[in-house]
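The values are calculated or read from the model by the stated rules, or taken from the named source; none is laboratory data. This structure is a prediction, so every number in the text was calculated from the model and none was measured. Please note: Cβ atoms are built from the backbone with ideal geometry, for glycine as well, and neighbour counts cover all protein chains shown.
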Amino acid sequence: MARENIHNSLDVYYEKVDCCPLRNQEFNFFEFVYVLSGKGMHGINGNQLSFEAEDLFLITPNDYHSFDLNEVCEFMVVRFAPSYVKSYHWQSIDHIECLLYYASHFSGSVLANEADKRMVANLMQNLMHTLEQESIYGEDLIRHLVNAIIVIAARNISVMKPEYISPNADKRILQIIDYIQENIRQPELLKINVIAAKFGLSDTYVGSYFRKQCNESIQQYISSYRIRLIEHRLRFSDKRVHEIADEFGFADESHINKFFKRHKGLSLSAYRNKIKN
């Protein structure tokens, strides 16, 4: 499979095409593909879904994808390296890189909110206009527009729930999942008795309730979500192991390494070295 790289941390362009020149291309960067006009099928990681105007797709590093076009299509394409995400100080979404990476679980458009669809449509038009002008401060403006799109995409991804959650899941289980994600760095808030009290459930019932709704135990979900965040700290940040341990409420490096090795088979340092190599 062909692999494509980018040399700049951010690359933005417009294209109008009647066929997709790339087939099952694998990237080492993030890519937003916004559909300005046209219809067809989008294939990502073996899944095929139809697309239309105002759809926004996020392709993450190591995904592979292609488009089958039914007609002439117009796209805005935003490519950015993992280093671009890492270099920006995100005020309230400090795990934004994990949210972006999590999009690989979904094949469709990442825009679930109608108001956000309209906002992204305006941002994309402004982005295209800025590209055409090539005026002073244009590069800074492009970065601000791209960052706004990233944040909107991240908040839409954050409300998307994995497929294993029952389509008939009640509102409370979604609230519990949001609570776990918001407090993943504070283990004392994720104890069963604390969660049970927060949502008006008994200590003995909350476990069976979660498993019935999500097809896994609440502890499995907490562990897998924490592992995913730690993985992306190792991938996208320069934080040392003891800093990551502090961030996620582990007593020291030894404790976080035991936890991580139990799930991934490697220490944090070994995992980071494997990524670099």
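A few comments on the model shown:
- Going through (1) surrounded by 14 or more Cβ atoms within 10 Å (Cβ to Cβ); (2) assigned to a helix (DSSP H, G or I); (3) at pLDDT 85 or above; (4) not assigned by TED's automatic domain parsing to the domain that holds Glu74 one by one, Leu201 falls short only on (2).
- Going through (1) in contact with a strand residue (DSSP E or B) (Cβ under 6 Å, 6 or more places away or on another chain); (2) at pLDDT 90 or above one by one, Tyr64 falls short only on (2).
- Hits in the stretch 247-266 - residues which are more than 19 Å from Gln219 (Cβ to Cβ) and over 23 Å from the mean Cα position of the chain (by Cα): Asp252, Glu253, Ser254, Asn257, Gly265, Leu266
- Total residues in the stretch 122-137, condition more than 21 Å from Val33 (Cα to Cα) and either of a type outside the set (D, E, K, R) or modelled with pLDDT of 90 or more (or both): 4
- Those residues of the stretch 140-175 which are modelled with pLDDT of 90 or more and either loosely packed, with under 12 Cβ neighbours inside 10 Å or touching a Cys at 6+ places or on another chain (Cβ under 9 Å) (or both), in sequence order: Asp140
- Close pairs (6 angstrom Cβ cut-off, 6 or more residues apart or separate chains): in contact (Cβ under 8 Å) with a residue 12 or more places away in the chain and surrounded by fewer than 20 Cβ atoms within 10 Å (Cβ to Cβ) in the stretch 31-50, charged (D, E, K, R) and assigned to a strand (DSSP E or B) anywhere: Leu36/Glu74; Ser37/Glu74; Gly40/Asp68; Met41/Asp68
- Within the stretch 222-257, considering residues that are surrounded by fewer than 17 Cβ atoms within 10 Å (Cβ to Cβ) and farther than 22 Å from Asn183 by Cβ, the one modelled with the highest pLDDT: Ser254
A quick yes/no check of all residues on (1) more than 18 Å from Leu174 (Cβ to Cβ); (2) in a helix (DSSP H, G or I); (3) among the hydroxyl-bearing types (Ser, Thr, Tyr):
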{"position": "Gln213", "(1), (2), (3)": "no, yes, no"}
{"position": "Tyr221", "(1), (2), (3)": "no, yes, yes"}
{"position": "Tyr225", "(1), (2), (3)": "no, yes, yes"}
{"position": "Gly249", "(1), (2), (3)": "yes, no, no"}
{"position": "Asn257", "(1), (2), (3)": "yes, yes, no"}
{"position": "Phe260", "(1), (2), (3)": "yes, yes, no"}
